[in-house]
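Since the structure comes first, as structure tokens, the remarks are kept for the end.
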Ligand SMILES: Cc1cc2nc3c(=O)[nH]c(=O)nc-3n(C[C@H](O)[C@H](O)[C@H](O)COP(=O)(O)OP(=O)(O)OC[C@H]3O[C@@H](n4cnc5c(N)ncnc54)[C@H](O)[C@@H]3O)c2cc1C
């Protein structure tokens, strides 16, 4: 009797979904919205987004705000909705509630202002009622349970198991990267840390990409930047060919770019990874942040920002002042050290992906990323997530999204990172 009661209470706490999306960042929100729009008969109740934050898109918003960025790096055509012009139209339609003190889109590439971009994100979340699909918790395992997947979710009140016919991993780039010399020091924080605050006093920023540039410009007059290389300018953090969406190319009367075609033709996963690595241009800064009187070049020339080309080797504790010491032996002054070193270089969500691969009896690519088709049979999914943070390319890593009961028209969401994702058509992802 006690056993029967226990079983029934367990069953009562186990909900079932058609689609379970792990991660409620830009990719997860885009995928969920797209499923609801494109899969016939799919209702909000059929979809669950598990995210460990208290609200959807929380991580993206917090990190973007931490850097102080005012405009996105990517153009207006990259967003969480559909179509080249949706974000532009949204800004027009909701013009009265959009602050006009600064242009809603930057003159170069119509890059959206951060709050305009986020307003559109929130609009989409509301339009689909996605907040109701959000379940707060951390997914720690995915296993095959016969006619569905069993997804273990760690929640504040204890673990629960959810059942889902399809599971999409959209877990982002992982934790902020802390170099060995910075680990464990209370004097060091990362700009992408939860609860990051700039504070007063002199700051040493370590890093040389766009986040470091934003921080340096915010801190002008009290900042040293330590970076392995000089200031490197590039509009996007990969070649523009990867930015071209199929719809934009069609508008131009053209097909995919040569890079996209060539990538789509590569079947070998190790080679694909090599191409992704080669094509990424991390540690670069677009012209809008480097040029002009408000740009970084001017700030460096005028002494407002002190740029040191060196690799930080250690952190010296000098009483209350922490000084990163570079490999040239010289010390950089600074009361606090802020890392703008991006995310770890390896595949993110490693324990989860490993556990899922084990649970599904599937192999991973040599680089540790899921392989399209990871779970066997017909393969992973791949939506053309509209990016802001990149969704149109995608950081979505789908362990498996092969529909078991209903065939979605979304296409296939693919496992990839660093921007080049395919499911027939390569797409691009900007990861700053
Ligand atoms: C400062 C900054 C500026 C950027 N600017 C641009 C730009 O201009 N244009 C552009 O295209 N891109 C930009 N990017 C990149 C962009 O933010 C990322 O590509 C995008 O956020 C990736 O979205 P995501 O949903 O994959 O990941 P995330 O935003 O990281 O979201 C993943 C979510 O999944 C959750 N999660 C992870 N693991 C689990 C788990 N096991 N269980 C439950 N939840 C989990 C995380 O907590 C998080 O909420 C920028 C990034 C930063 C940091």
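The values are calculated or read from the model by the stated rules, or taken from the named source; none is laboratory data. These numbers were taken from a predicted model, which means no experiment stands behind them. Cβ atoms come from the backbone with ideal geometry, glycine included; neighbour counts cover every protein chain shown.
Can you say whether residue 204 is farther than 19 Å from residue 111 by Cβ and surrounded by 15 or more Cβ atoms within 10 Å (Cβ to Cβ), as far as the supplied structure shows? Criteria met by residue 204.
Could you look through the range 13-58, keep only residues that are farther than 18 Å from residue 121 by Cα, part of a loop (DSSP other than H, G, I, E, B) and in contact with a strand residue (DSSP E or B) (Cβ under 7 Å, 6 or more places away or on another chain), and pick out the one that is nearest to the ligand (Cβ to nearest atom)? Selected residue: 52. Here the range 177-201 is the region considered, the condition is being within 16 Å of the ligand (Cβ to nearest atom) and closer than 17 Å to residue 227 by Cα, and the residue that is surrounded by the most Cβ atoms within 10 Å (Cβ to Cβ) is 190. Scanning the range 62-79 for residues that are free of Cβ contacts under 8 Å to residues at least 60 places away in the same chain and within 9 Å of the ligand (Cβ to nearest atom) yields one hit, 65. Scanning the range 174-195 for residues that are over 18 Å from residue 52 (Cα atoms) and part of a loop (DSSP other than H, G, I, E, B) gives 177, 178, 179, 183, 184, 185, 186, 187, 191.
Every residue, every condition in (1) modelled with pLDDT under 95; (2) more than 16 Å from the ligand (Cβ to nearest atom); (3) surrounded by 15 or more Cβ atoms within 10 Å (Cβ to Cβ), yes or no:
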position: 96; (1), (2), (3): yes, yes, no
position: 106; (1), (2), (3): no, no, yes
position: 109; (1), (2), (3): yes, no, yes
position: 116; (1), (2), (3): no, no, yes
position: 124; (1), (2), (3): no, no, yes
position: 134; (1), (2), (3): no, no, yes
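Restricting attention to the range 229-242 and to residues that are farther than 18 Å from residue 72 by Cβ and at pLDDT 95 or above, the residue that is surrounded by the most Cβ atoms within 10 Å (Cβ to Cβ) turns out to be 231.
Comparison of 323, 306 shows that the only residue that is assigned to a strand (DSSP E or B), in contact with a strand residue (DSSP E or B) (Cβ under 7 Å, 6 or more places away or on another chain) and modelled with pLDDT under 80 is 323.
Just checking, does the range 152-159 include any residue being more than 10 Å from the ligand (Cβ to nearest atom) and not in a strand (DSSP E or B)? There is at least one residue in the range 152-159 that is more than 10 Å from the ligand (Cβ to nearest atom) and not in a strand (DSSP E or B).
Residue count for the range 82-105, restricted to those that are part of a loop (DSSP other than H, G, I, E, B), under 21 Å from residue 30 (Cα atoms) and touching a helix residue (DSSP H, G or I) at 6+ places or on another chain (Cβ under 6 Å): 1. Considering the conditions (1) modelled with pLDDT of 95 or more; (2) surrounded by 21 or more Cβ atoms within 10 Å (Cβ to Cβ); (3) more than 10 Å from the ligand (Cβ to nearest atom), residue 149 is excluded by exactly one of them, (1). Being closer than 29 Å to residue 369 by Cα, at pLDDT below 90 and crowded, with 20+ Cβ neighbours inside 10 Å: is that true of residue 245 here? Yes: the conditions hold for residue 245. Which condition from (1) in a loop (DSSP other than H, G, I, E, B); (2) over 22 Å from residue 76 (Cα atoms) is the one that residue 253 breaks? Only one criterion in (1) in a loop (DSSP other than H, G, I, E, B); (2) over 22 Å from residue 76 (Cα atoms) is unmet by residue 253, namely (2).
Screening residue 100 with (1) more than 9 Å from the ligand (Cβ to nearest atom); (2) under 30 Å from residue 52 (Cα atoms); (3) at pLDDT below 95 gives one miss only, at (2).
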